[in-house]
Amino acid sequence: MGSLNLPHASSFKGGSETILRNVLESILKTYLRKNPTSNTIWELVQSMDNEKICYDHFTFRTFNVDGYGIDSLSSFFMDYGYKIGGELDFPKNKSKVKWFSPPDVHVPHDGHGLTYGPLPRIVIAEVLLDQLSAESQGIIRKYLKPEGGKQAVLSSTLGSLIWEKPTWTDFKQLAKENEFAAWTLIHGYTMNHLAFSVHRFKHQFSDIKFIKQFLEEKEFKLNTDGGVIKVSQDGLLLQVSSISDKLAVEFADGVTETIPASYIEFTQRLVLPQFKDVPFDEVKEFHRREAFELGNASNIMESTRFTADV
């Protein structure tokens, strides 16, 4: 997955494209190392007909407090040309999300992966602490240190918490009120999930219905909230996600418990109606459905649902 020296893109600022791609690759490696099921699916996809993969988006979770929120990660990516694409509110999870579109880069014919392929969108969520109970706010603030959010990107690449590992007692109490916040407290800035860009696949995987069938036949657990294939209201955004790995974690008070980690997603963006007559081999990204949808995203977030006894 190593990057090569790449030409400086006109939409870049603040550094070379190589640095950005290397950071994304480090984030990816950490995510795959921590999530065996996601790694297995990732490898299986590439093994099918020597498939070439590209990524639709990388997603992260944060807390909107003391510099730890969306800006703690987005500032790095915006320095390299990413731009705000949109925002979604999730009242159920007491969180909000911003997504960022990547800078224009030169992608060689058949360019793929993070070395030569298109850059992924970046999606960053933040837990809205002021909407949590005083008890939950106190638990979270107890662990966050002033200025710690400045190490957000480093934390993502290493998969290490910036703050001290929480106790099981604190984690369990927080999870009772808000699983989204509890997940963030124990996993920090480690990537929550990646999404493959389905329409960029070259072979059978270019059809999300085949992907669903393939994963079910391999007996992977898939998120069924809103249906296995989540479909936007306009029918142009199709998404499938796995259920997160359940991994044993040792907490600060010595208790070891199994909790949800990360998952993997497939996203298919169909051609917009006004471009339906564009020849298939001439279809570009701007011809396709952009952005995200609240209904789909809300259902996909359930991929990290906790077990009933947490």
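The values are calculated or read from the model by the stated rules, or taken from the named source; none is laboratory data. Model, not experiment: these values are computed from the prediction. Neighbour counts are summed over all protein chains in view; Cβ atoms, including those assigned to glycine, are modelled from backbone coordinates with ideal geometry. These area figures cover heavy atoms from the full protein model, side chains too; ligands, DNA and RNA do not enter into them. Shrake-Rupley method; radii C 1.70, N 1.55, O 1.52, S 1.80 Å.
Assorted remarks:
- Matching option when the condition is open to solvent by 10 Å² or more (accessible area, probe 1.4 Å), modelled with pLDDT under 95, in a helix (DSSP H, G or I) and touching a helix residue (DSSP H, G or I) at 6+ places or on another chain (Cβ under 9 Å), among Lys150, Lys202: Lys150
- Subset of segment 11-28 that is in contact with a Gly (Cβ under 9 Å, 6 or more places away or on another chain) and open to solvent by 30 Å² or more (accessible area, probe 1.4 Å) - its residue that is modelled with the lowest pLDDT: Gly14
- Contact map, segment 204-216: residues that are over 18 Å from Asn50 (Cα atoms) paired with residues that are of a type in the set (Lys, Arg) and exposed (fewer than 15 other Cβ atoms within 10 Å of the Cβ), Cβ distance under 8 Å, separation 6+ or inter-chain. No pairs are found.
- Tally, over segment 156-177, of residues that are open to solvent by less than 10 Å² (accessible area, probe 1.4 Å) and of a type in the set (S, T, N, Q): 1
- Only one of Glu126, Glu135 that is at pLDDT 95 or above, touching a Ser or Thr at 6+ places or on another chain (Cβ under 6 Å) and outside any loop (DSSP other than H, G, I, E, B): Glu126
- Segment 223-245, residues that are outside any loop (DSSP other than H, G, I, E, B) and either surrounded by fewer than 16 Cβ atoms within 10 Å (Cβ to Cβ) or in contact with a Phe, Trp or Tyr (Cβ under 9 Å, 6 or more places away or on another chain) (or both): Leu237, Leu238, Gln239, Val240, Ser241, Ser242
- When segment 72-114 is filtered for residues that are part of a helix (DSSP H, G or I) and without any contact (Cβ under 8 Å) to a residue 24 or more places away in the chain, the ones remaining, listed by number, are Ser75, Met78, Pro91.
- Gln274 outside any loop (DSSP other than H, G, I, E, B) and either at positive phi or more than 25 Å from the chain's Cα centre (by Cα) (or both): yes
- Qualifying positions in segment 46-98 - in contact with a strand residue (DSSP E or B) (Cβ under 7 Å, 6 or more places away or on another chain), open to solvent by 10 Å² or more (accessible area, probe 1.4 Å) and polar (S, T, N, Q): Thr59, Asn64, Ser72
- Checking each residue in segment 248-271 for being open to solvent by less than 50 Å² (accessible area, probe 1.4 Å), part of a strand (DSSP E or B) and not acidic (Asp, Glu) picks out Val249, Ile259, Pro260, Tyr263, Ile264, Phe266, Thr267, Gln268, Arg269, Val271.
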